[in-house]
Amino acid sequence: MEQSEAVSFFYLKHLQNIHEEKTHLSADCPFCKKQGREYAGRLVVYLNKTSFFYGYFRCLNRCVPSGFSLWFARLMGIDLDDVPGYDPDRESFLPKIDYPIVNINNEINLYQDRISEEVLAWFQKSGVGHDVLVELKIGYNGRYLVYPYVQEDGNCYAARCVFPERKEDFFWHGDEHFFTDQHHIFNLQDIQRCENGALFICQGEENLLALKQLGFPGVAVPDCHSLEAVDPDRVAFVHTVFIVMENNAEAEAAARALASRVGYKARLFRWPAGLLRNYNLWQLASDKGKDFKATVLSMVQASSAFSPFASPKREYGSFLAQLALESGSAYGALRSGFPKFDQALEGVHGINVIGGAPKTGKSCFAIQIATDMARRKVPVLYYDFENGRQKIYQRTLSRLSRMTIGAIKGASKDGVATAVGQQLERARHDFQDMLVSFRVVNDRKLNPEIMRRHIDFIRHETRSEYTVVVIDSLHKLPFKDFTEQRTGIDAWLRQLEAIRDELHVSFLIISELSRGSNDGYTDTPHMGMFKGSGDIEYSADNALILFPEWDPLDSAIQQQRRNKLWLVASREHTPGLVGRYGLDYPYWGFVELDE
């Protein structure tokens, strides 16, 4: 038997003179009879399977507090093992409190007797009747409303006294040990009554009264700050918790903080745009009148679950939006500028790790790709721990101007207006324009959070959806302790994966290689050549090796230096030779060769 059918059968078994409807049943209230009332009221049980309040019962005479099936069984003296959904291994929340002998129960009773017609009329403005005030033991001391904060032991030790027209005018009365936030849950007993059911948590006692008038179960805290002290273990056995705060940013933040602690069962009420600041349920009840219940039920259905996942609608929208971005010009601009490279990898996307032997030109290769992308207005962050900012700039200007660094320095010193000087001036303008999208960072105290801030900044400045991050090199990223390099590199790679996915970042990461046979770098390129981290194999979308056709340890003629770029592992592309690259001597660049 399904749980819903079992609950329905449970009530049918223990009630008399039943009248069944589609979404509820009514019967003679057994509790009115137990109390010896001359006229027994009708007890209503909600059995709408699509409702959050399935199995909720309440007496229309309010002879007993309402609740769900386990509370019904306790009131009736039914063995709890007979109640659908009962778990005998559950341990109820028991606060570690030594309750004092003295309480203010008698005072609360006296205050109840002092409710005047004027006070009743004030409550009636929002539809709250005298029977609700009696049920929650609300009183009046001649000037202030008295809200008793009854504790788990059933006694009241402190009450909040609030001026009806000015809720900011209040004070606490009773034992000062119960004036702290941990005791600030009004109508606390409703939590136990809602085991296996649904419960409201409201800001402000008057807002709870408006809901109680409609028959809903709930508790209240005096202000949004009190939510911080609400222990989520209190509602561990409540299936759904609706959190209803006033309409302001501070209250919404407090509600979200509580929801994050309560978890998936929390659902947040959303106020429509355009309402006044601090608008609440009390005002809504006054404004809507007879339509108040329908409005609340609509808000219940529209309430959003506090979920670690995006809604299916939002997830689908994000998917379509990302598809649109990837078909746009900004995504298409993420190319290296080397045709064979871009053909083999479809551009610079994801995490690309380039390994190479010392002095093979890894940095020059990365600088060329990074600066060419920046010239096409792609925002690039270059984290340099190898060469220094000035050297990167000099080599870039040399490549752009087709002049040696020595010639650039000489022309800058002479300042002659020759053809060479004009050539250099054009390159300088090009270089200066490029710097809007190209930022070099040498911060040795770099961490993932600082990197995220850098990415956010350059995205904002360039108004770009995508960013390219170059790291030169992986093995010189900052670590707390050099002896922890292996674990430090792996931790960085985990962070870079998250940044890639969250912020649309493409990485070009330079890595060192381990020496092969004969203590050299002449072995056939393979994944195991990367130095210091097995996690490169799992983190890199593309792993490449810049492999020299000359011995980097010999003093070869610069013009004859040739390198092969191998793709040794990839998530989406076929490994193999990408292309051959010759050093563009002496201009600190590479040329992709045809042969």
Do we find a residue being more than 39 Å from the chain's Cα centre (by Cα), under 23 Å from Ile367 (Cα atoms) and at pLDDT 90 or above anywhere in the range 534-542?
no
Report the residue count in the range 489-518 for those that are in a helix (DSSP H, G or I), over 21 Å from the mean Cα position of the chain (by Cα) and of a type in the set (Gly, Ala, Ser).
2
Can you tell me which residue among Ala254, Ala266, Ala259 is of a type outside the set (S, T, N, Q), surrounded by 17 or more Cβ atoms within 10 Å (Cβ to Cβ) and under 27 Å from Ala159 (Cβ atoms)?
Ala254
With (1) hydrophobic (A, V, I, L, M, F, W, C); (2) part of a helix (DSSP H, G or I); (3) under 30 Å from Ser303 (Cα atoms) as the list, and Leu75 as the residue in question, which single condition is left unmet?
(3)
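Let's see how each residue does on (1) surrounded by 19 or more Cβ atoms within 10 Å (Cβ to Cβ); (2) under 21 Å from Ile185 (Cα atoms):
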| site | (1), (2) |
| --- | --- |
| Ser116 | no, no |
| Val119 | no, no |
| Lys125 | no, no |
| Val132 | yes, yes |
| Gly139 | yes, yes |
| Gly142 | no, no |
| Leu145 | yes, yes |
| Pro148 | yes, yes |
| Asn155 | no, yes |
In the range 1-49, what residues are at pLDDT below 90 and either among the hydroxyl-bearing types (Ser, Thr, Tyr) or assigned to a strand (DSSP E or B) (or both)?
Ser4, Tyr39
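For Phe292, state whether it is surrounded by 18 or more Cβ atoms within 10 Å (Cβ to Cβ), in a loop (DSSP other than H, G, I, E, B) and touching a residue at least 40 places away in the same chain (Cβ under 8 Å). Don't jump to the end; show me each part of the working.
On the way: surrounded by 18 or more Cβ atoms within 10 Å (Cβ to Cβ): yes; in a loop (DSSP other than H, G, I, E, B): no; touching a residue at least 40 places away in the same chain (Cβ under 8 Å): yes.
It is false that Phe292 is surrounded by 18 or more Cβ atoms within 10 Å (Cβ to Cβ), in a loop (DSSP other than H, G, I, E, B) and touching a residue at least 40 places away in the same chain (Cβ under 8 Å).
The values are calculated or read from the model by the stated rules, or taken from the named source; none is laboratory data. Computed from a predicted model, the values in this text were never measured in an experiment. Don't worry about glycine lacking a Cβ; one is built from the backbone with ideal geometry, like all the others, and counts go over all protein chains shown.
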